[in-house]
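One structure is given below, encoded as structure tokens.
Since every read-out is calculated from the coordinates, none of them should be taken as a lab result. Computed from a predicted structure; not experimentally measured. Please note: Cβ atoms are built from the backbone with ideal geometry, for glycine as well, and neighbour counts cover all protein chains shown.
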Amino acid sequence: MVKNKKRLRRLLLKVSRYYMFNSRAEAFAQITHDRRSVRAFTKQQASPELLKTVFSLAQRAPSNCNTQPWQTAVVTGDRCRKLSGLFREQLDNNLYQMDFPYTGQYQGAYRDRQVSAASELYSAMGIDRADKAARHEAFLRNFDFFGAPHAAFLFLPENFGLREATDLGMYAQNLMLSLTAHGLVSCPQTALGFACDTVRQELQIDSSMRLLFGISFGYEDKQHPANNCRTPRAEIDECVQFFN
Ligand SMILES: Cc1cc2nc3c(=O)[nH]c(=O)nc-3n(C[C@H](O)[C@H](O)[C@H](O)COP(=O)(O)O)c2cc1C
């Protein structure tokens, strides 16, 4: 009788561990698949409490020697709109300033993937690839944060290099998954680093902090066609080799 009870308890434990593991794995798969770059937002702002929760989880990202080199500036509401106006003024006059040079020139498979992602986006928005003016207008939406009520600017302290920049990447992904898990959406944007001096000046950020990229975030505008875009991924054997 006692033996049977013990056996039953062990079995129940095994079953509950199995389900607990699977539900965690399922939750992870769901959040990972749900995260995507969203390029139109409603005006609704996330509460300060929610932002604190989301950013606290992002803080759990791993980093070289646990240096946690990310310095994040989060802007909201009117501050976004003000920055957006300043960006447009500068970019209209072709005054780009970047801490990290970017050309966006890729070759081979990388170029193919770039073209395929762009064509997914433009076709979702009903923009012909040959229509340069419409594509430029779509590009300029970057500098209005795609209408998002919040954005995070990610800075790397000077003298830190590629190795520490990877820490910012891990932090950024943690942040975007955390946003997704809490019902928010985001778009990482190299473009938000194209006026780095302006951002530093407006937010009074020390000149020793270098702007790598930004992330617009908020609640999804589900009516906007840009958000119907789904980017494909390469098969894993194109990117991963398993060795025995
Ligand atoms: C660091 C980084 C910078 C990016 N910069 C931009 C950007 O400036 N503008 C933009 O519209 N999308 C930008 N993206 C979004 C990518 O185009 C997008 O992640 C990619 O096409 C895959 O699509 P998904 O995020 O929807 O899965 C950036 C993504 C990353 C990771």
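Within the chain, what is the number of lysine pairs with alpha carbons under 30 Å apart, leaving out pairs fewer than eight places apart on the same chain?
Value for the chain: 12.
Within segment 138-244, report the chymotrypsin sites (Phe, Trp or Tyr not before Pro) that DSSP leaves as loop and that have at most 10 other Cβ atoms within 10 Å.
Working: sites: Phe139, Phe143, Phe145, Phe146, Phe153, Phe155, Phe160, Tyr171, Phe194, Phe213, Phe217, Tyr219, Phe242, Phe243; in loops: Phe160, Phe194, Tyr219, Phe242, Phe243.
Answer in residue order: Phe242, Phe243.
If you bin the C-alpha pair distances of segment 21-103 every 5 Å from 0, what whole percents do you get?
3, 8, 10, 16, 20, 18, 14, 7, 3, 1, 0
Using Cβ counts within 10 Å as a stand-in for footprinting exposure, how do His182, His224 rank, fewest first?
Going from least to most buried by this count: His182, His224.
Just the C-alpha atoms of segment 95-153: what Rg/Rh do they give, with Rh taken as the Kirkwood radius?
Rg divided by Rh gives 1.00.
In 5 Å bins starting at zero, report the fraction of Cα pairs in the chain per bin as a rounded %.
Once binned at 5 Å, the Cα pair distances of the chain give 1, 6, 11, 14, 17, 17, 13, 8, 4, 3, 2, 2, 1, 1, 0, 0, 0.
Hand me the trypsin sites (Lys or Arg not before Pro) from segment 33-109 located in a DSSP loop with no more than 14 other Cβ atoms within 10 Å, in residue order please.
On the way: sites: Arg35, Arg36, Arg39, Lys43, Lys52, Arg60, Arg79, Arg81, Lys82, Arg88; in loops: Arg35, Arg36, Arg39, Lys43, Arg60.
Within segment 33-109, the qualifying trypsin sites (Lys or Arg not before Pro) (loop, at most 14 other Cβ atoms within 10 Å) are Lys43, Arg60.
Enter the Cα centre distance for the pair segment 149-174 and segment 208-235, rounded to the nearest angstrom.
Going from one Cα centre to the other spans 16 Å.
Can you figure out the FRET efficiency of Ala234 with Asn64, using R₀ = 35 Å and their beta-carbon distance, to the nearest 0.05?
The value I calculate is 0.80.
In what order do Val74, Val54 fall by count of nearby beta-carbon atoms within 10 Å, going from fewest to most?
So the residues, fewest neighbours to most, are Val74, Val54.
What translational diffusion coefficient, in µm²/s and rounded to a whole number, does the Stokes-Einstein relation yield for segment 154-238 at 4 °C and a viscosity of 1.567 mPa s, taking the hydrodynamic radius as the Kirkwood radius over Cα pairs? Let's see the in-between values first.
Values: Rh = 15.0 Å.
Rounded to a whole number, D works out at 86 µm²/s.
Between Gln189, Gln30, Gln173, which gets the highest mean-square fluctuation from a Gaussian network model of the chain, Cα cutoff 10 Å?
So, out of Gln189, Gln30, Gln173, the one fluctuating most is Gln30.
Run through segment 168-244 and list the GluC sites (Glu not before Pro) located in a DSSP loop whose Cβ has at most 11 other Cβ atoms within 10 Å.
Answer in residue order: Glu235.
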